[in-house]
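The structure under discussion appears below in the form of structure tokens.
The values are calculated or read from the model by the stated rules, or taken from the named source; none is laboratory data. Predicted model, so just to flag it, every value in this text is computed and none were measured. Here Cβ is always computed from backbone atoms with ideal geometry, including for glycine, and neighbour counts include all displayed protein chains. Just so you know, the surface numbers come from the protein's heavy atoms only, side chains and all, with ligands and any DNA or RNA stripped out. Shrake-Rupley method; radii C 1.70, N 1.55, O 1.52, S 1.80 Å.
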Amino acid sequence: MSDALEQAYPSKDGLLVWRAPVDAVAFELRKAKTATHAAFHLVLALLMLAFFGASVFFFVQQAEAGTSLFNLAFFFSGNVAVIWLSLSALIGCFLGFRLYAYTDTVTPLPGWGKTRAQREQEQADPNRIRDVAPYYSDAAWECLRFAYDLAVKTGKDELRPVHLFASALSGPAGGIFMTRLGMDFDRVKEGLAALVREGRPLEANAQPALSEEARIVLLHAYDLAREADRRSVGAIELFLAAFEADQAIQDLIDAAGYPPAHVRHVATWVRMQEQLREEQAKFRALAALKPSTAMNRSMTARQTPLLDRFSEDLTLLARNGYVAPLVGREREMEELLRAIESGRRSVALVGETGVGKSALVEGLARRMVEEDVPPELFDRRLVSVNVAQLIAAGDPVLAPQRLLSLLNEVAASGNIILVMHGIESLVGAGSNGGLDLAETLSSELEKGYFLVIATLTPQAWTGLLERRSLGSKLVRVDIAEPESEEAISIIMGRSGYIEYQNKVYFSYGAIEKAVSLAGRYLREVRLPESALNVLKEAAVLARGQRGERALVTDEDVARVIHDKTNVPVEAVTSSESDKLLNLESALHGRVIGQDEAVTAVAQAMRRARAEIREGRRPIANFLFLGPTGVGKTELSKALAAEYFGSEKMMVRLDMSEYQNQDAVSRIIGKPGDDRGGLLTEAVRKNPFTIVLLDELEKAHPDILTLFLQVMDDGRLTDGVGRTIDFTNVVLIATSNAGTQYIQDEVKKGSSIDHIKTGLLEQELKGIFRPEFLNRFDAVIVFKPLDLDAVTQIAHLLLGSVAKRMEEKGIAFRAEDEAVEELARAGFDPLFGARPLRRVIQERVENQLADLILRNAVHRKDTIVLKAGGQLEVEPYHA
């Protein structure tokens, strides 16, 4: 006993020990025992068939001889055939008992098959010695045997955790694990083999011993199975325990590109699938004990024809296997049951669309079938009422009478709990000058003869129910959007149906990517529903591209997200990498000078694409300061064209149009107006875009406060109450404030840094609040253009003219002297390059239009802009 205590592993079930021998003899005896049972069962089956066949043969002979087989004297005359038939029946019963008693020799783990309440009441003796070996499944024993054989083959004196890990990885559960993880075994094969070969060599005629580390793994695997409420310890628990016990294994897998967190998640996923199969078998056994009709066990329930017309029985659906198990949400379920149990109160489940309110209700239906609920819910039906159908069926004025008739049936039956999804629809319905359906339901709830579980959004609760009498009758239970870890677990549990439906398999990377990307980009429907919808589309995409049994990867999920949002979330390709690394050159193709601004914008885009920026704020917040016509707006257009794909990928607001306080509603929408605001709707529909705020200094202060929230939190709430995600926009604000100061300082030869400091500390103080300016990632000063810069811009603008003429089949070019003349004519230190466009329009484009209309130029001719501003046509010669 003292040795056992020294090696015991403390747990909630007492002190765990491993007493079973781990050697070749023990494994052979176990194998022989299994074979003996199988042989004995086969002999019994053959004897049963032999006696039965002999008796049948005798009866056939008697029948052919004309003996009546229905003569009682024949059966009780001591005939040998009757004895044979009786022996066949006795052997059959004994065989059935043997098969039940010896086929599954694994002892179920403590707590298996019990309700949560029963498990909570259990209190194990902390000093009890518990041998864990009887709780090991056949698959776990096979894994242990293979690990022992591996230690023998490699000639090691101890069986270590790495042998258990390698054994589990090579088994069926390990194969599923590698598929889910997307693991290429060749990447870890050599390293794992090297770890297996480590250790002291085995002496001659000796057998490997169970190392202390491996013994701890065997005991820890029991704890893992117990925590997961498994029936027995499986191979996947051995795999996970061995992985956790050996840092060298973790380092090897991590170096191959599979982080330890991913390994744990995938192992948990494999274990969850096995657990769900076990629980489903247990659930079917318990469901068989429930009535298959609306009648309760006490036979006091009544028929409910009107209720049946507008509802479906969730407990009956659960009993028949049409309701999926609930994964997670233990806290919310406990809160729901506590609210019902404490005084028979009705409940309102309040949460955003997609967080799993319906799944929680369905989980309650399953628990009611298992009777894993408080006694108040025993032998009751959970019935979901179609609120919209109840309101719309027949004359709306008669809707209150329909509701009262339905509730009368509920009262007569006495065993029904109503579920009302979207209960806010009752508000204002069927009133016709009197009580609406919400008030009617509230008055009936006051009588206390039935319970309601309602579901609705926070906006509906706050705006429609909270201050009404119906709201006071309901206990609010908040269903929050799950965190990423919990959402991944929920989707692991619910992904099996999608796989079965589409005949594909999900990798862990696909599920993790669906959760992270849907949680970031698809905010109209919340997790986990948004991620599940993405996975459904990714499954269809993968099956269409690669056929059935395809593995859905994170790239399939990323493509679906990209198609939905236009946000580039796939892995960076070589061509996109080149574009990002050379973005400055591309932008300088349209923006002359302004190196600081171009560099800042390009660096922000590279940070965003490499996913190393802070994810809770916009991609970048820029304030461009400088005189008009120096390239502030042009840089925004160039970025939209070069990286976002088109100049149209921009939401441009002229802030001079938002100088009044009521302009706020134009940006975010008026309360209750589903059309939303100009800005919020544009970003909601296209979250990956540029938001350009021209002449920001002219906006009303309340508008600036709105954008303070955008720059700080990356979100904005519109007039309808929707939260709009701004974390994938580039926010660029332009301002002409301080223009005179910039021009004066440039004339003095002051540096850009000096000019910027003066602007922030003096010139802008009376225009923008300091906390507003501090929210910008960069405040960039655009220098006034000199003549050389305007000349380069003139070349760019004439290049655009040449492209437009090329579309007509006509070539166009300008001599350098002509370009310089245009630059000098269009140069204005106060207005930058803006006058240049007017000069080119008047001196070049007008002449081109005259030539085309007079038919003085033909396809393939060349038009040359000469010094002095004259156009010369060079005819085409074949």
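Across the protein chains, with a 1.4 Å probe defining accessible surface, the residues Phe97, Phe772 rank Phe97, Phe772 from largest area downward.
Accessible area of Arg277 (1.4 Å probe, protein heavy atoms only, ligands and nucleic acids ignored): about 150 Å². Accessible area of Glu771 (1.4 Å probe, protein heavy atoms only, ligands and nucleic acids ignored): about 70 Å². Counting only protein heavy atoms and using a 1.4 Å probe, the accessible area of His877 comes to about 150 Å². Once you reduce region 490-516 and region 435-469 to the center of their Cα atoms, the two points are 37 Å from each other. On a 26 Å Cα-Cα criterion, which of the cross-link pairs Lys698/Lys803; Lys632/Lys756; Lys12/Lys513; Lys632/Lys698 come out too long? Going by Cα-Cα distance, Lys698/Lys803; Lys12/Lys513 fall outside the 26 Å limit. Centre-to-centre separation between the Cα atoms of region 703-773 and those of region 616-684: 13 Å. Listed by chain and number, the aspartates and glutamates placed with their C-alpha closer than 13 angstrom to that of Lys670 are Asp662, Glu681, Asp718; residues fewer than eight positions away on the same chain are left out. Axis of helix 632-642 versus longest Cα principal axis of the chain: the two differ by about 50°, to the nearest ten degrees.
Over 28 Å between C-alpha atoms is what I'm after, so list which of Lys357/Lys564; Lys282/Lys473; Lys637/Lys783; Lys685/Lys765; Lys357/Lys536; Lys564/Lys783 land there.
Working: Lys357/Lys564 25 Å; Lys282/Lys473 37 Å; Lys637/Lys783 19 Å; Lys685/Lys765 36 Å; Lys357/Lys536 20 Å; Lys564/Lys783 40 Å.
Lys282/Lys473; Lys685/Lys765; Lys564/Lys783, as the Cα separations exceed 28 Å there.
Compute the accessible area per residue over region 787-874, keeping the other protein chains in place, probe 1.4 Å, unit Å². Don't skip to the answer; put the middle values down first.
Details: 5150 Å² over 88 residues.
Solvent-accessible surface per residue comes out at 59 Å².
Rounded to the nearest 10 degrees, the angle from helix 595-609 to the longest Cα principal axis of the chain is 10 degrees. Each stretch of four or more DSSP H residues adds -39500 (n - 2.57); spread over every residue of the chain, this sum gives -16000 deg cm²/dmol at 222 nm.
Mind ranking Leu706, Leu551 by accessible surface for me, highest first, 1.4 Å probe? Could the numbers behind the result be given before it?
Values: Leu706 30, Leu551 55 Å².
If we order Leu706, Leu551 from most to least accessible, we get Leu551, Leu706.
Straight-line reach from Lys866: taking Cα to Cα under 17 Å and skipping same-chain neighbours fewer than 8 places apart, the aspartates and glutamates in range are Glu815, Asp816, Glu817, Glu820, Glu821, Glu842, Glu845, Asp850, Glu874.
Pairing the Cα long axis of helix 739-748 with the longest principal axis of the chain, what angle in degrees results, from 0 to 90 and rounded to the nearest 10? Roughly 70 degrees between the two axes.
Across the chain, the mean sequence separation of Cα contacts (distance under 8 Å, 6 or more residues apart), normalised by length, yields a relative contact order of 7 percent. Rounded to the nearest whole Hz, the Karplus-based 3J(HN,Hα) values (6.51 cos²θ - 1.76 cosθ + 1.60, θ = phi - 60°) of region 258-274 follow the sequence 10, x, x, 4, 5, 4, 5, 5, 5, 4, 5, 5, 4, 5, 5, 5, 5, with x at glycine and proline. Dipole magnitude for the chain: computed about the Cα centre from +1 point charges on Lys and Arg Cβ and -1 point charges on Asp and Glu Cβ, it is near 2000 debye. Given the C-alpha centroids of region 793-836 and region 195-256, what is the distance between them in whole angstrom? Measuring centre to centre over Cα atoms gives 75 Å.
Solvent-accessible surface of region 289-478, averaged per residue with a 1.4 angstrom probe and all protein chains in place: 42 square angstrom. Among beta bridges identified by DSSP and lying wholly in region 787-874, the antiparallel ones come to about 55 percent. Ordering of 373-380, 850-857, 384-391 by packing is 384-391, 373-380, 850-857, highest average first (other Cβ atoms within 10 Å, averaged per residue).
Listed by chain and number, the lysines placed with their C-alpha closer than 24 angstrom to that of Lys189 are Lys153, Lys156; residues fewer than eight positions away on the same chain are left out. Residue ranking by accessible heavy-atom surface, 1.4 Å probe, largest first, among Glu203, Glu278, Glu820 comes out as Glu203, Glu820, Glu278. Scanning residues 5 or more positions from Arg652 or on other chains, those with amide H under 5 Å from its amide H are Leu692, with H placed 1.01 Å from N in the peptide plane.
Roughly how big is region 540-674's charge dipole about its Cα centre, with Cβ charges of +1 (Lys, Arg) and -1 (Asp, Glu), in debye to the nearest 20? Display every interim value, and only then the final one.
Values: 19 positive and 21 negative charges, 33 e Å.
Roughly 160 debye, rounded to the nearest 20.
What translational D, rounded to a whole number of µm²/s, comes out for the chain from Stokes-Einstein when the hydrodynamic radius is the Kirkwood one over Cα pairs, at 10 °C and 1.306 mPa s? The estimated diffusion coefficient comes to 46 µm²/s.
Restricting to bridges with both residues inside the chain, how much of the DSSP beta-bridge set is antiparallel, in percent to the nearest 5? Intermediate results must be reported in sequence, preceding the final value.
Working: 15 of 66 bridges.
Around 25 percent antiparallel, to the nearest 5.
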